[in-house]
Amino acid sequence: MHVSILEPAEINYSGPMKILVIEDDREAAEYLEKALEEAGHTAHVAGDGETGFALAESSDYDVMIIDRMLPRRDGLSVIAGLRSRGNTTPVLILSALGEVDDRVTGLRAGGDDYLTKPYAFSELLARIEVLNRRATSRESETVYRIGDLELDRLSHTVRRGAVDITLQPREFRLLEYLMRHAGQVVTRTMLLENVWDYHFDPQTNVIDVHVSRLRGKIEKGFDSPILHTVRGAGYMLKAG
Amino acid sequence: MALRLPAIMKTTAARLSALYLILFTLCAILLVFYMTSLSARMLTTQTMETITEEVQGLAQSYQRGGLPYLVRTIERRARQPGANLYLIADANGRILSGNVESLELGVLSTDGWTDRPFAYQRFGDNNPDRRTADSSTSGAAQPSPPRHKAIALVSRLPNQMIVLVGRDLTEPERFREVVQRALMAALGMMGLGALLIWYFVGRRALKHIDQVSGASRRIMGGDLSGRLPVTGAGDEFDRLSENLNNMLARIQDLNEGLRQVSDNIAHDLKTPLTRLRNRAEAALSSNGTPADYRAALENAIAESDQLIRTFNAILMISRLEAGYSSEPVTKVDLAAAVRDVVELYEPVAEESGVVLEAPVEGAFMVNGNRELIAQALSNIVDNAIKYSLDSTGTPTVKVTLEKGAQEVRLRVADNGQGIPDPVDRERATERFVRLEKSRSQPGSGLGLSLCKAVMKFHHGRLELASADPGLSVTMTFPQSEAGK
């Protein structure tokens, strides 16, 4: 079976995003700004919590990336402040604290996703793309359709073209997640977190094996690949 | 030592006892006055009763023998030693008979009891320049002031003559004074005693506190092994010191844990960091193609990722071992955890040709953290799959759960070569220990240490045994109360 491998450069990301980065480490902030702009987005950087809060208040952003520990006003307080004023812009929290409890606190404060430092830029990029699309969420749709692949969330059935595909419950959830984020890069960590609800790093490439098994079921006997591997980043479900 | 009075005054004990001292003194003074006035009043009442009786006697004498008999009786009585005061005067107040030489002005014009003690002078009171009786006709002002005080009952005969019977107050007065002086003296002694006790109590409290602050200053100065003094008296200071000492011991443990983390990080991350640096340097000095540089960079990233993983593992182990991990603890079904992890690893096992079986039914509840348990279990299953590949038969990994009386045992057994040497088995859970055979396998050497730390966090234990053939790893959890 032929596995489709995409280079990150080949991916058509969604339109350019306007991103606010609140990060006090100047070097990290500059790197992030440069990398985001290379990916086609616009990034504004604030070096402390107060400035970041003021920027977030004064302008509309698609996504905000907020470091947890900031001078003058800490990240969680900035997020809570924005949320209490009705600002619903998706927030990705960056933190050096990695325990589950820290993650829970962060999400409870109003963050939408949590990434532990140090991180790979591809991971961050994949996550903010997903956050940006959350506004136009497919959560309410009962049937997902990508090309000739169809997943019914109510009857738990999957078809490709005219062929019924039988999936194990976990495979179904895996495909459901991939289809919900079709056209976006989904990393292994995102799959582990959202499909298995684990936040640790398994030693072996367990996720890859699950994905290739799923790929076997939805691609075997069909002409066009639909579940692509994105080199150095993760996976993407995309028709054609 | 700063044990001067102002310092003592600032202690709570001293302030409280000062307050008590003041209250106590006020009460004592009130008590003294009450006591003395009460005893004086009792004496006065007694005196008045005596006088009343006497007057009744005199009235009988008068009825029996008229005025002469009354005068005689009075004269007789007046001569007795320590006698009462007797006086007969005419309607104008001129003293006719009795043992009173002079009286304060106006006493004789009262009728009945004199309303207050009055001054008088008695015949025979050796007053050298005393005036004659007639010069004091109306008991008028005397040049030499009357020396005694008395109370008296003044009554009138039918012929308007005045009869006065009185009693000297010198003795009751003196008695009152003696009682008052004695009480005041006792009060003074008590006050002094209280002051002394107060001073010593305050000083003792202050001394204790000074010792404690001294010890805490030393501890804050960096000597974490220092402890607060415990006198052995078992008082509140001792209890406080003991509790603070326990707290200090805990802090020291945590500090020790932290120190160990930093030592480990320094020791165990330096090697791969050096390797990373050397490779980067080698790539830089070589005249490679862009593809070579690219490969070197990719290699550096992979190496960094491994470093981060090792770093995270060390941090996690240390946090768990030091016991200050804030990971939430809930009721966790071990059976569900096993099913999830087995499901996660099943494709990998199948791909490597390993049979992964987990005949687990029902629920096995323990108190724990689902994430940590899953992480530890996946580490063990991961290892078991890798090492079962050495098996002479079909590589098999079996995960089982069993309930003991007080505990739940989660066992992962493979049928590989195992670790034959018990000493090696013991060492396998130590940090960074990688047994000879496993050196060819990728890994940081932290997997089993992490599992051990996770089990410590769950108040359980991790045991390695021979599965004959192969290795069996048992995670023993204390059973949750509700799970019984």
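For the range B:386-422, name all the residues that are in contact (Cβ under 8 Å) with a residue 60 or more places away in the chain and part of a loop (DSSP other than H, G, I, E, B). Working first, answer last.
First pass over the range B:386-422, keeping only residues in contact (Cβ under 8 Å) with a residue 60 or more places away in the chain: B:387-388, B:391-392, B:399, B:401, B:403-404, B:406-413.
Selection gives B:391, B:392, B:404, B:406.
For (1) at pLDDT below 85; (2) loosely packed, with under 13 Cβ neighbours inside 10 Å; (3) aliphatic (A, V, I, L, M), each residue gets a yes or a no:
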position: B:183; (1), (2), (3): yes, no, yes
position: B:197; (1), (2), (3): yes, yes, yes
position: B:232; (1), (2), (3): yes, yes, no
position: B:238; (1), (2), (3): yes, no, no
position: B:263; (1), (2), (3): yes, yes, no
position: B:277; (1), (2), (3): no, yes, no
position: B:281; (1), (2), (3): no, yes, no
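How do the pairs read when you match residues in the range A:210-225 that are in the same structural domain as residue A:149 (by the TED database) with residues anywhere that are of a type in the set (Phe, Trp, Tyr) and at pLDDT 85 or above, using Cβ under 6 Å and keeping only pairs 6 or more apart or on different chains? Hits for this filter: A:211/A:235.
Here is a yes/no grid of residues against (1) surrounded by fewer than 19 Cβ atoms within 10 Å (Cβ to Cβ); (2) more than 14 Å from chain B (Cβ to nearest Cβ):
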| residue | (1), (2) |
| --- | --- |
| A:175 | no, yes |
| A:179 | no, yes |
| A:187 | no, no |
| A:201 | yes, no |
| A:217 | yes, no |
| A:221 | yes, yes |
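Of the residues in the range A:128-139, not one is closer than 18 Å to residue A:61 by Cβ and within 14 Å of chain B (Cβ to nearest Cβ). Close Cβ contacts (under 9 Å, 6 or more residues apart or on different chains) running from residues in the range A:114-142 that are farther than 20 Å from residue A:35 by Cα to residues that are modelled with pLDDT of 85 or more and part of a strand (DSSP E or B) comprise A:138/A:144; A:142/A:152. Using the structure shown, decide if residue B:256 is under 30 Å from residue B:225 (Cα atoms), part of a helix (DSSP H, G or I) and not assigned by TED's automatic domain parsing to the domain that holds residue B:452. So residue B:256 fits the description; yes. Residues that are surrounded by fewer than 11 Cβ atoms within 10 Å (Cβ to Cβ) and more than 13 Å from every other protein chain (Cβ to nearest Cβ) were ranked within the range A:164-173; the one that is farthest from residue A:195 (Cα to Cα) is A:164.
Are any residues in the range A:124-143 of a type outside the set (Ser, Thr, Tyr) and assigned to a helix (DSSP H, G or I), and if so, which ones? Steps first, answer last, please.
Quick first cut of the range A:124-143, residues of a type outside the set (Ser, Thr, Tyr) only: A:124-135, A:138-139, A:141, A:143.
Matches in the range A:124-143: A:124, A:125, A:126, A:127, A:128, A:129, A:130, A:131, A:132, A:133, A:134, A:135.
Report yes if residue A:192 is more than 14 Å from every other protein chain (Cβ to nearest Cβ) and aliphatic (A, V, I, L, M), otherwise no. Judged against the criteria, residue A:192 is not a match. For the range B:307-336, the set of residues classified as of a type outside the set (S, T, N, Q), within 11 Å of chain A (Cβ to nearest Cβ) and assigned to a helix (DSSP H, G or I) consists of B:307, B:308, B:309, B:311, B:313, B:315, B:316, B:319, B:320, listed by residue number.
Among residues belonging to the range B:354-378 that are away from chain A (no Cβ under 13 Å) and touching a Ser or Thr at 6+ places or on another chain (Cβ under 8 Å), point out the one that is modelled with the lowest pLDDT.
Restricting attention to the range B:354-378, the residues satisfying the condition of being away from chain A (no Cβ under 13 Å) are B:355, B:357-367.
Within this subset, residues satisfying the condition of being touching a Ser or Thr at 6+ places or on another chain (Cβ under 8 Å) are B:355, B:357-360, B:365-367.
Details: B:355: 90, B:357: 89, B:358: 88, B:359: 88, B:360: 85, B:365: 88, B:366: 88, B:367: 88.
Here the residue is B:360.
The listed residues are A:151, A:124, and the only one of them that is surrounded by 18 or more Cβ atoms within 10 Å (Cβ to Cβ), modelled with pLDDT of 90 or more and outside the structural domain of residue A:66 (by the TED database) turns out to be A:151. Of everything listed in (1) assigned by TED's automatic domain parsing to the domain that holds residue B:358; (2) part of a loop (DSSP other than H, G, I, E, B), the single unmet condition for residue B:340 is (2). Can you say whether residue B:51 is in contact with a Leu (Cβ under 7 Å, 6 or more places away or on another chain), modelled with pLDDT under 80 and outside any loop (DSSP other than H, G, I, E, B), as far as the supplied structure shows? Taking the combined requirement at face value, the residue does not satisfy it. What do you reckon, is residue B:278 assigned by TED's automatic domain parsing to the domain that holds residue B:309, in a loop (DSSP other than H, G, I, E, B) and more than 18 Å from residue B:214 (Cα to Cα)? Spelling it out, it is not the case that residue B:278 is assigned by TED's automatic domain parsing to the domain that holds residue B:309, in a loop (DSSP other than H, G, I, E, B) and more than 18 Å from residue B:214 (Cα to Cα).
When residues of the range B:304-328 are filtered for being buried (at least 17 other Cβ atoms within 10 Å of the Cβ) and in contact with a helix residue (DSSP H, G or I) (Cβ under 6 Å, 6 or more places away or on another chain), how many remain? Looking only at that region, the number is 10. Any residue at all in the range A:85-99 that is within 14 Å of chain B (Cβ to nearest Cβ), under 19 Å from the mean Cα position of the chain (by Cα) and buried (at least 20 other Cβ atoms within 10 Å of the Cβ)? Within the range A:85-99 (the criterion being within 14 Å of chain B (Cβ to nearest Cβ), under 19 Å from the mean Cα position of the chain (by Cα) and buried (at least 20 other Cβ atoms within 10 Å of the Cβ)), the answer is yes, since at least one residue qualifies.
Tally up the residues in the range A:35-58 that are within 22 Å of residue A:82 (Cα to Cα) and among the charged types (D, E, K, R), please.
Filtering the range A:35-58 for residues within 22 Å of residue A:82 (Cα to Cα) gives A:42-58.
Subsequent filtering for residues that are among the charged types (D, E, K, R) retains A:48, A:50, A:57.
Total satisfying the criteria: 3.
Which condition from (1) under 20 Å from the mean Cα position of the chain (by Cα); (2) more than 13 Å from chain B (Cβ to nearest Cβ); (3) more than 27 Å from residue B:450 (Cβ to Cβ) is the one that residue A:231 breaks? Against the list (1) under 20 Å from the mean Cα position of the chain (by Cα); (2) more than 13 Å from chain B (Cβ to nearest Cβ); (3) more than 27 Å from residue B:450 (Cβ to Cβ), residue A:231 comes up short only on (2). If we scan the range A:155-163, do we find a residue that is under 16 Å from residue A:211 (Cβ atoms) and either surrounded by 14 or more Cβ atoms within 10 Å (Cβ to Cβ) or in contact with a Leu (Cβ under 9 Å, 6 or more places away or on another chain) (or both)? Scanning the range A:155-163, I find at least one residue that is under 16 Å from residue A:211 (Cβ atoms) and either surrounded by 14 or more Cβ atoms within 10 Å (Cβ to Cβ) or in contact with a Leu (Cβ under 9 Å, 6 or more places away or on another chain) (or both), so the answer is yes.
The values are calculated or read from the model by the stated rules, or taken from the named source; none is laboratory data. Only a predicted model underlies this, so the values are computations on that prediction, with no experimental measurement involved. When we count neighbours, we look across all protein chains shown, and the Cβ atoms used for this are built from the backbone with ideal geometry, even at glycine.
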